[in-house]
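Below: the structure, in structure tokens.
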Amino acid sequence: MVTLQLRQLDVPPGQRLLIHGLQWSEFEAIMAEMGEKRASRLAYCDGVLEIRMPLPKHEREKSMLGDIVKILLEELAIDCECFGSTTFKRQEMNFGIEPDECFYIQNHHAMIGKNRLNLAIDPPPDLAIEVDVTSQTQVQAYTRLGVPELWVYGEAELTIYILQSGQYQRSECSSIFPNLPLLAWVPELLAQSITIGRSQALRTWRQKIRSLPLD
């Protein structure tokens with residue numbers, strides 16, 4: 001058997017590396033060696049570790065999606081706590097995941113001022129966002145974590161998944177923003193950001209949300 005060190009592994013941007021047969025202690029050792037200041041994203045479930053190296057396109061889209069949600073929450077006066085790409089892991093359930101973006105909304109009160117997570121007592125985020133999910137490792141990890149709503153953006157399309165009876169089901173609308181046609185609006189906004197720029201697109205988005213009729 002050949003043993004490799006992490007420094008010998010090179011994951012090119014836009015690619016992913018799958019490592020099979022890892023024990024939990026090995027997963028944690030890899031996380032510790034890679035450190036927190038890294039560009040890669042990790043997902044672990046049932047002994048399979050996925051290491052992804054995002055492209056600049058991925059980073060732009062995930063940043064835009066996070067800003068879209070933040071503006072929605074601000075303009076609709078919905079309180080939240082933003083936890084970005086925080087690592088969520090729990091040994092008893094054999095998973096670890098790092099969202100592109102995530103938000104505590106219904107459970108935001110429980111997370112105010114939190115600097116460390118303990119998933120034995122802390123709730124999962126209410127909304128997680130991923131760009132270009134192609135791996136079952138990620139989906140299974142989110143299922144184990146129990147995130148109620150998952151947004152996946154890829155190929156200029158937004159897909160919304162709602163957790164029902166322990167499985168994700170595609171939905172035509174968000175449970176958090178039920179009256180908004182986000183499946184149409186979000187891809188349109190990301191397309192606009194390519195032609196008119198991020199800042200102008202987000203200003204347009206903010207005005208759009210402000211112009212919504214009040215209930």
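We did not get these values from a lab; they are worked out from the coordinates using the rules stated. In this text the structure is predicted, and so the values were computed from the model without any measurement. Methodologically, a virtual Cβ is constructed for each residue, glycine included, from the backbone with ideal geometry; neighbour enumeration extends over all protein chains shown.
Observations on the structure shown:
- Relative contact order of the range 55-210, defined on C-alpha pairs under 8 angstrom at six or more residues apart (%): 19
- Gain upon complete extension [Ile121, Leu17; 0.36 nm per residue less C-alpha separation]: 34.3 nm
- Dipole in debye (nearest 20) - the chain, about Cα centre, beta carbon charges: Lys, Arg +1; Asp, Glu -1: 420
- The phi-based Karplus calculation (6.51 cos²θ - 1.76 cosθ + 1.60; θ = phi - 60°) puts the 3J(HN,Hα) values of the range 53-69 at 10, x, 7, x, 4, 4, 5, 5, 5, 5, 5, 4, 4, x, 5, 4, 5 Hz, whole numbers, x for Gly and Pro.
- Candidates Ile51, Ile112, Ile129, ranked by Gaussian network fluctuation over the chain, Cα under 10 Å, top entry: Ile112
- Here the calculated FRET efficiency for Ser171 and Lys114, from their Cβ-Cβ distance with R0 = 30 Å, stands at 0.60, rounded to the nearest 0.05.
- Rg over Rh, two decimals, the chain (C-alpha only, Kirkwood Rh): 0.98
- Converting phi to 3J(HN,Hα) with the Karplus coefficients 6.51, -1.76 and 1.60 and the offset θ = phi - 60°, the range 19-35 yields 10, 9, x, 8, 6, 4, 4, 5, 4, 5, 5, 5, 4, 5, 5, 6, x Hz in sequence order, with x at every glycine or proline.
- Neighbour counts of C-beta atoms inside 10 Å place Asp67, Asp46 in the sequence Asp46, Asp67, starting with the fewest.
- Local electrostatic count at Lys70 - Lys and Arg +1, Asp and Glu -1, tallied over other residues with Cβ under 11 Å: -3
- Debye equation applied to the C-alpha atoms of the range 71-159, log10 I(q)/I(0) at 0.17, 0.20, 0.26 Å⁻¹: -0.72, -0.97, -1.45
- Evaluating 6.51 cos²θ - 1.76 cosθ + 1.60 at θ = phi - 60° for every residue in the range 119-126, the Karplus couplings come out as 5, 6, 10, 7, x, x, x, 7 Hz, glycine and proline recorded as x.
- Ranking of Ser165, Ser174 by neighbouring Cβ atoms within 10 Å, starting from the fewest: Ser165, Ser174.
- Farthest positive-ward along the range 55-210 dipole, Cα basis, beta-carbon charges - from Ile71, Phe177, Gln91: Ile71
- Restraint check, Lys89/Lys114; Lys57/Lys208; Lys37/Lys114; Lys70/Lys114; Lys37/Lys57, Cα-Cα greater than 22 Å: Lys57/Lys208
- From helices alone, the chain scores -10500 deg cm²/dmol at 222 nm; the rule is -39500 (n - 2.57) for each run of n ≥ 4 DSSP H residues, then divide by the residue total.
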